[in-house]
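Trainee: Below is a structure I'd like to ask you about.
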Amino acid sequence: VPRVTDQPELNMLLASLVAAAALLLGLSLVFYVFPSVYGDFLDLMLNHNYHEDGRKIESLRPIEFPFGNVPLIVRRTEFMRQRSNEVAARNSGKLVSWFLWKPFVICVDPTHIEQVLHPKITLKQSTRRISLPVWRKLFGEGLFMVPPDKWRKMHKICLRGVSRKHMLSYFPMVTGIAEKKIAELRASVLERQKQQMKQEEKKKTTTKQQQNPTGGSAG
């Protein structure tokens, strides 16, 4: 039976794994002792959210390894609220907050939320410079929900696969589904209103009975 030391490939693999583990442990220790370094690393590698002029949206500091801003928000709520306002003031009402290694764009000023949810999208380009991981998880990589790097590719695919004739048949189907959903929502709202009215009438009747338990008869 060959010994481990007689298998150079296995020895190299084990050495690589040990080196990788040591590197991860070392980075974790550095990030834990120097949280600002961890924040700089996240900004450099994972913060891909930009203003319309190309500037990167500033992230909220301080930060803790490995949970991001969350522990500080819980422990020092008022301080982190003030820091959020300061960062947002320098970034047109927006900032990037971290949960673990996931960046989330937060709009502190509602007047600037249009840039996040309503970018200028044309047939040739998209000005969306902010990644929306929540939208992607909910709706997938839809044509109007992707960053610019994927916009052109998806647009070309759509132009090749969807001609004017296809669009003419596609539009009524989409509007029909939308009208059906709206009708269902209206029916649901009306039903809820009816239930609320019934409950209110029942409460009024119960209150009257409690106020006049004898039914108003005297003697």
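Trainee: In whole Hz and in residue order, list the ³J(HN,Hα) couplings for region 60-70 that follow from phi through the Karplus curve 6.51 cos²θ - 1.76 cosθ + 1.60, θ = phi - 60°; x for Gly and Pro.
Mentor: 6, 10, x, 9, 10, 8, x, 8, x, 7, 4
Trainee: R0 = 25 Å: FRET efficiency of Y50 with L168, Cβ-based, nearest 0.05?
Mentor: 0.10
Trainee: Now for a separate question. What's the Kirkwood radius of region 32-117 in Å, using all Cα pairs?
Mentor: 13.0
Trainee: While we're here: So if we plug the beta-carbon distance of M12 and Y32 into 1/(1 + (r/R0)^6) with R0 = 41 Å, what FRET efficiency do we get, rounded to 0.05? Write out the running numbers ahead of the final one.
Mentor: Numbers: r = 30 Å, r/R0 = 0.74.
Here the calculated transfer efficiency is 0.85.
Trainee: Pop a pseudo-label 7 angstrom from the Cα along the beta-carbon direction at both K204 and R186 and give the gap in nm to one decimal.
Mentor: Simple spin-label model gives 2.7 nm for this pair.
Trainee: Next up: Counting Lys and Arg as +1 and Asp and Glu as -1, what is the net charge of the other residues whose Cβ lies under 13 Å from the Cβ of M80? It would help to have the intermediate numbers written out before the result.
Mentor: Values: positive: R61, R75, R76, R81, R83; negative: E64, E78, E86.
So the surrounding residues net to +2.
Every number in this text was worked out from the coordinates using simple rules, so none of it is lab data. Since the structure is predicted, the reported quantities are computational estimates derived from the model, not experimental observations. Cβ atoms come from the backbone with ideal geometry, glycine included; neighbour counts cover every protein chain shown.
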